[in-house]
Every structure is written in structure tokens, then in C-alpha cells.
Amino acid sequence: MNQIWRRISAAVNPASTAASRWWCLSAARHMLTGHGPTAEQRRLIRSTRGTGHSTVSAEQMKARAAAIDELLARGDHET
């Protein structure tokens, strides 16, 4: 049964992901629910897609990891 479920999930997930992406960025969602991006925000999202703004370099990742390690090494965490 587990193998069958994996195959079904593998077939459904791409379509589900595409539908979710569309719904989250659609004007229909904003009109029907009042939530979600406005037309201006959607234009901004489209204009920044593929420009690499969200790409993080290896050096940035190493710096972030070092900062996290430093914070954890302090030992004065407040929970």
C-alpha cells in the first residue's frame, strides 16, 4: 500500500503545487476572500521573479551559519 500511495502522491503533487501557486498569487483569491496580493503586489512579484534576488551565495550561508553557531555557543538563551 505504501508504494501505491507514493506513486499517487508523485502524480498528484505537481498539479497540487501548481494549483496552490496559482491560488496564492491570483486575483480571484483577493477578490473572493480579501486576502492575498493586490494587483500592484502581483506585478512586483512577477517583475522580481527570476532576477536572483532570493539567491544566497555560499559565503552568505557560511556567515549565517557562523553567526548561528556563535549565538548557540554563548549559552545564555532565553526560552
Query raised in the report: Looking at region 1-49, what % of the alpha carbon pairs are farther apart than 14 Å?
Result: 62
Query raised in the report: How much length is gained on full extension from A39 to E70, taking 0.36 nm per residue of separation minus their Cα-Cα distance?
Result: 6.9 nm
Query raised in the report: Could you give the distance between the Cα centres of region 1-19 and region 27-49, to the whole Å?
Result: 28
Query raised in the report: If you place +1 on the Cβ of every Lys and Arg and -1 on the Cβ of every Asp and Glu, how big does the dipole about the Cα centre of region 1-49 come out, in debye to the nearest 20?
Result: 140
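Readers should treat all values here as calculations from the given coordinates under stated rules, not as data from a laboratory. Model, not experiment: these values are computed from the prediction. Cβ sites come from the backbone with ideal geometry, for glycine too, and all protein chains shown count toward neighbours.
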